[in-house]
1. Could you check the simple spin-label distance between residue 16 and residue 98, using points 7 Å along Cα→Cβ, in nm with one decimal?
2. Please give the length that would be gained between residue 58 and residue 115 if that part of the chain were fully extended, namely 0.36 nm times their separation in residues minus their C-alpha to C-alpha distance (nm, one decimal).
3. Which of the following values of P(r) over Cα pairs in 10 Å bins from 0, in percent was calculated from the structure shown: (i) 12, 44, 33, 10, 2, 0; (ii) 15, 51, 32, 2; (iii) 11, 23, 16, 11, 9, 8, 7, 6, 4, 3, 1, 0?
4. Could you calculate the contour length gain from residue 75 to residue 5, that is, 0.36 nm times the residue separation minus the distance between their Cα atoms, to one decimal place in nm?
5. Quick check of the Kirkwood formula: for segment 45-100, what is the inverse mean of 1/r over all pairs of different Cα atoms, in Å?
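Readers should treat all values here as calculations from the given coordinates under stated rules, not as data from a laboratory. All values derive from a computational prediction rather than experimental measurement. Glycine also receives a Cβ, built like all others from the backbone with ideal geometry; neighbour counts cover every protein chain displayed.
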């Protein structure tokens, strides 16, 4: 994430740090939320102006801006772990459908090739 404007690759790399997929996110039954930092990082990416961000549904960007501004209703809503996880999963699925899955597979193949050498 060296560029100042987020692109598809930035989201794919960020989600990849947290595992192969987010399928297990709803199986968590602990008091702590290991995906809270991911949520904060995703909000930070969504705040930045970029053509990729503008291609995403406006609701993702609106929530990020309201959350960042400290909007009371948004903070209350996103204070619920399930709501944060739902947003993360929705965005993850959208990213994967918009070319992220293909990019992720290519990055994994390149990584495997490098580890063999």
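1. Computed distance between label sites residue 16 and residue 98 equals 1.8 nm.
2. Numbers: separation 57, 0.36 × 57 = 20.52 nm, distance 3.95 nm.
In short, 16.6 nm is gained.
3. From the options (i) 12, 44, 33, 10, 2, 0; (ii) 15, 51, 32, 2; (iii) 11, 23, 16, 11, 9, 8, 7, 6, 4, 3, 1, 0, the structure gives (i).
4. Numbers: separation 70, 0.36 × 70 = 25.20 nm, distance 2.52 nm.
That works out to 22.7 nm of additional length.
5. Taking the inverse mean of 1/r over all distinct Cα pairs, segment 45-100 comes out at 11.9 Å.
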